[in-house]
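The values are calculated or read from the model by the stated rules, or taken from the named source; none is laboratory data. These numbers were taken from a predicted model, which means no experiment stands behind them. Note that we place each Cβ from the backbone using ideal geometry, even for glycine, and neighbour counts take in every protein chain shown. Keep in mind that these areas ignore ligands, DNA and RNA; they rest on the heavy atoms of the full protein, side chains included. Shrake-Rupley method; radii C 1.70, N 1.55, O 1.52, S 1.80 Å.
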Amino acid sequence: MLEKAKIDRINELSRKKKSGGLTAEEKIEQEALRKEYVKSFRSHMRQTIENTKIIDPNGNDITPHKVKQLKRKKK
């Protein structure tokens, strides 16, 4: 996940934007930090989905084929 300092900076810039506005440099910094955050979030979410196995009440594996293919591809 993203470092706490970077998340704090994202929040700080967000509060500043709401209260008075950002300079051009701060806008660029905010956009770069947001992109980094979204990239990190998606990566972690993808890993979570790829490592999830779905079992129905009867004990059958009903994990979607696409997820199974991704697992095989990584091995």
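Observations on the structure shown:
- Calculated from backbone phi, Karplus (6.51, -1.76, 1.60) coupling profile of segment 20-34 in Hz, x at Gly/Pro: x, x, 10, 6, 4, 5, 5, 5, 5, 4, 4, 5, 5, 5, 5
- Full extension of the chain between LYS73 and SER43 yields a length gain of 9.2 nm, computed as 0.36 nm times the residue separation minus the alpha carbon distance.
- Spin-label pair LYS6/GLU29, simplified geometry with 7 Å Cα→Cβ offset, distance in nm: 1.5
- Carbon plus sulfur fraction of accessible area for segment 1-74, probe 1.4 Å, in percent: 54
- Column: log10 I(q)/I(0), Debye, Cα scatterers of segment 4-73, q = 0.14, 0.17, 0.25, 0.26 Å⁻¹: -0.61, -0.70, -1.07, -1.11
- Of LYS4/LYS74; LYS27/LYS73; LYS17/LYS39; LYS6/LYS73, pairs whose Cα-Cα distance is over 28 Å: LYS4/LYS74; LYS27/LYS73; LYS6/LYS73
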